[in-house]
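Student: Here it is, the structure, as structure tokens.
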Amino acid sequence: MPTEVAIHPLPSPRGRRQMDMVGGRQELLAAAICAFSHDGFERADLRGIASAAGVSQNLIRVHFGSKAQLWKACLEAITQSTTGIIAEISKIASDDSRSVHDRLCDAITRIIYFYSDHPYVRDFVVRHAADRSERSTLVTEQLIHPAYESCRTLYEAGIAQGIIRASHPALFFALLSAAANQPASFPTVLRSLAPEIPEDAARILIAETIVETLLHGEPCAPPR
């Protein structure tokens, strides 16, 4: 089982390696996640990854063996980082003591904030989910399917009650994922369109707007 790597928030791999980093492995993972998310598997360069991590390229082979194994280690690290939110959404979705509407408000808000706080998850999935390779299958099996199954029954209940206006929960899941996956630059772009919206409020306001747009019925209360 791979050593867990702390990637929330994703640390900058630049600079001197810290003494508690075992042989540069954690820094290599952080740098590789950045490279694979930005450039994809084929274009990501091992020399560039090692340079960004501040270690010798030879350490990639020492710790991971190959570029393919390094990519799989990145996937495992990202999968570990999503375990908590998937469990949290599953718990919210199955809480029959609360209304479907309230659960949807809570779950969707938490999903939006997770994407905002973990942009490397968004970028890694978007970059590799459709590349027609074994990597696409692994990303789908380890990240996309678990995320969908954590909330599928809740979306079905929302559709049945008319809170969600979609013909299938997978369509709503895809729409929510696209809406929540805003690029890091969106507060700046938003401010160029509407200077009266401060950049430091953009994250909260976009979350509220997504929830209010996608859910029909009474307004959502603040998340618990």
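The values are calculated or read from the model by the stated rules, or taken from the named source; none is laboratory data. Everything numeric in this text was worked out from a predicted model, so none of it was measured. Virtual Cβ from ideal backbone geometry, glycine too; neighbours counted across all protein chains shown. These area figures cover heavy atoms from the full protein model, side chains too; ligands, DNA and RNA do not enter into them. Shrake-Rupley method; radii C 1.70, N 1.55, O 1.52, S 1.80 Å.
Student: Could you state the accessible area per residue of the chain in Å², with a 1.4 Å probe and every protein chain left in place?
Tutor: That works out to 55 Å² per residue.
Student: Could you compute how much accessible surface residue 64 exposes when probed at 1.4 Å, giving the result in Å² to the nearest 10?
Tutor: For residue 64, the solvent-accessible surface is approximately 20 Å².
Student: Whole-Hz ³J(HN,Hα) for each residue in the stretch 171-187, computed from phi via Karplus 6.51 cos²θ - 1.76 cosθ + 1.60 with θ = phi - 60°, x for glycine and proline: what do you get?
Tutor: 5, 5, 4, 5, 5, 5, 4, 5, 5, 6, 7, 7, x, 4, 7, 5, x
Student: Another question, if that's okay. State the percentage of accessible surface on the stretch 102-224 attributable to carbon and sulfur atoms; use a 1.4 Å probe and exclude ligands, DNA and RNA.
Tutor: After summing per-atom areas, the C and S share lands at 57 percent.
Student: Now a separate question. Output the lone cysteines of the chain: those with no second cysteine's C-beta under 4.7 Å from their C-beta.
Tutor: 34, 74, 151
Student: To the nearest 0.05, what FRET efficiency results for residue 161 and residue 181 with a Förster distance of 41 Å applied to their C-beta separation?
Tutor: 0.95
Student: Right, another one. Pairs of Cα atoms under 8 Å, at least six residues apart: use those to get the relative contact order of the stretch 75-214, whole percent.
Tutor: 27
Student: May I pose another question? To the nearest 0.05, how large is the calculated FRET efficiency for residue 38 and residue 59 if R₀ is 22 Å and r is the Cβ-Cβ distance?
Tutor: Using R0 = 22 Å, I get an efficiency of 0.55.
Student: Residue-wise, which Karplus ³J(HN,Hα) couplings in Hz belong to the stretch 198-208, taking 6.51 cos²θ - 1.76 cosθ + 1.60, θ = phi - 60°, and x for glycine or proline?
Tutor: x, 4, 6, 9, 4, 4, 5, 5, 5, 5, 4
Student: Accessible area of residue 191, 1.4 Å probe, to the nearest 10 Å²?
Tutor: Number for this one is 90 Å².
Student: In addition: For residue 51 and residue 171, what does the FRET efficiency come to when R0 = 35 Å and r is the distance between their Cβ atoms, rounded to the nearest 0.05? Walk me through the intermediate numbers first.
Tutor: Working: r = 43 Å, r/R0 = 1.22.
That pair, residue 51 with residue 171, gives E of 0.25.
Student: Would you mind checking the stretch 97-138 for residues with the amide N under 19 Å from a putative spin-label position 7 Å along Cα→C-beta of residue 218?
Tutor: Counting only backbone N, you get 97-109.
Student: Given the protein chains as shown and a 1.4 Å probe, how many square angstrom of residue 67 are accessible, to the nearest 10?
Tutor: Accessible area of residue 67: about 40 Å².
Student: A further question on this structure: Arrange the peptides 105-115, 200-210 so that the one whose residues have, on average, the most other Cβ atoms within 10 Å appears first.
Tutor: Per-residue Cβ counts within 10 Å, averaged per peptide and sorted highest first, yield 105-115, 200-210.
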